[in-house]
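K.L.:
Starting off with a structure, shown below.
The values are calculated or read from the model by the stated rules, or taken from the named source; none is laboratory data. Remember, predicted model here, so these are calculated numbers, not experimental data. Cβ placement follows ideal geometry from the backbone for every residue including glycine, while neighbour counts extend to all protein chains displayed.
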Amino acid sequence: MSAAACSFMKPYTLRLFSGSWVFTDAFSPNGTTVVPHIELTSDADVFLIIPATANILAKGAAAIADDLISTSILACPSPVIFVPSMNAQMWNNKGVQRNVARLKELGYFVVPPETGLEIATMRNTLGAIPGPAAIVDFVKTVVGESNFVTPRETYEK
């Protein structure tokens with residue numbers, strides 16, 4: 001979780017809901033991981049960054065590695081998918097659009113935002129996170145339908 005994410009939800013709460021350790025710091029081991037940005041990404045099938053703020057888009061585009069998420073992006077051998085969430089003014093900003101184009105040039109994937117409820121302003125605008133089905137469909141196109149297992153399928157095995 002980023003520092004901003006921790007402002008919305010405590011890591012312990014997310015741990016209770018996910019059943020997994022929650023990591024917030026690249027330099028402080030948590031649970032069983034010694035080097036989080038390396039170990040957390042080494043076996044991942046995909047790295048989904050949701051919500052992807054303008055800040056993390058910029059860090060990914062510039063290969064800035066100053067926190068757990070940005071160092072994990074650079075360390076991840078699997079596909080990295082950004083799911084942007086911001087208001088229309090930010091999404092349409094030339095700098096943000098340049099960063100999105102650069103991410104794609106670097107081989108990362110960006111799920112196009114939709115018009116819908118934008119979390120920060122609680123208004124309908126372009127820049128909203130697509131619904132879960134759209135995100136799942138996008139991930140399936142990246143990793144391949146046959147390699148995709150939903151969390152529910154994992155629990156049923």
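K.L.:
Of all residues in segment 50-69, which are out of contact with any Ser or Thr (no Cβ under 9 Å at 6 or more places or on another chain) and either in a helix (DSSP H, G or I) or within 15 Å of V100 (Cα to Cα) (or both)? Walk me through how you get there before you give the answer.
P.N.:
Restricting attention to segment 50-69, the residues satisfying the condition of being out of contact with any Ser or Thr (no Cβ under 9 Å at 6 or more places or on another chain) are 54, 57-58, 61-62, 66.
Hits for segment 50-69 are A54, L57, A58, A61, A62.
K.L.:
Taking segment 101-138 as the region of interest, how many residues are touching a residue at least 12 places away in the same chain (Cβ under 8 Å), of a type in the set (A, V, I, L, M) and surrounded by fewer than 20 Cβ atoms within 10 Å (Cβ to Cβ)?
P.N.:
The number of residues fulfilling the criteria is 7.
K.L.:
In addition: Can you say whether A65 is farther than 27 Å from G19 by Cα and modelled with pLDDT of 95 or more, as far as the supplied structure shows?
P.N.:
Numbers: farther than 27 Å from G19 by Cα: yes; modelled with pLDDT of 95 or more: no.
Judged against the criteria, A65 is not a match.
K.L.:
Quick one: how many residues across segment 78-106 are of a type in the set (A, V, I, L, M, F, W, C) and under 19 Å from I135 (Cα atoms)? Before the answer, list the steps.
P.N.:
Step one: list which residues in segment 78-106 are of a type in the set (A, V, I, L, M, F, W, C), which gives 80-83, 86, 88, 90-91, 96, 100-101, 103, 106.
This time we only want the ones that are under 19 Å from I135 (Cα atoms), so: 80-83, 86, 91, 100, 103.
Matching residues across segment 78-106 total 8.
K.L.:
Being farther than 14 Å from L106 by Cβ, more than 12 Å from the chain's Cα centre (by Cα) and not β-branched (V, I, T) is the requirement here; does L40 meet it?
P.N.:
yes
K.L.:
Condition first: over 26 Å from S7 (Cα atoms), touching a Gly at 6+ places or on another chain (Cβ under 8 Å) and either charged (D, E, K, R) or not in a loop (DSSP other than H, G, I, E, B) (or both). Now tell me which residues in segment 89-146 satisfy that.
P.N.:
Scanning segment 89-146 gives a single hit, L103.
K.L.:
I'm checking my understanding of the structure. Among residues of segment 79-100 that are within 18 Å of R123 (Cα to Cα) and loosely packed, with under 13 Cβ neighbours inside 10 Å, which one is modelled with the highest pLDDT? Steps first, answer last, please.
P.N.:
Start the filter on segment 79-100 by keeping residues that are within 18 Å of R123 (Cα to Cα), which leaves 84-92.
Going one step further and asking which of them are loosely packed, with under 13 Cβ neighbours inside 10 Å, we end up with 89, 92.
Details: Q89: 90, N92: 94.
Residue satisfying both the conditions and the ranking: N92.
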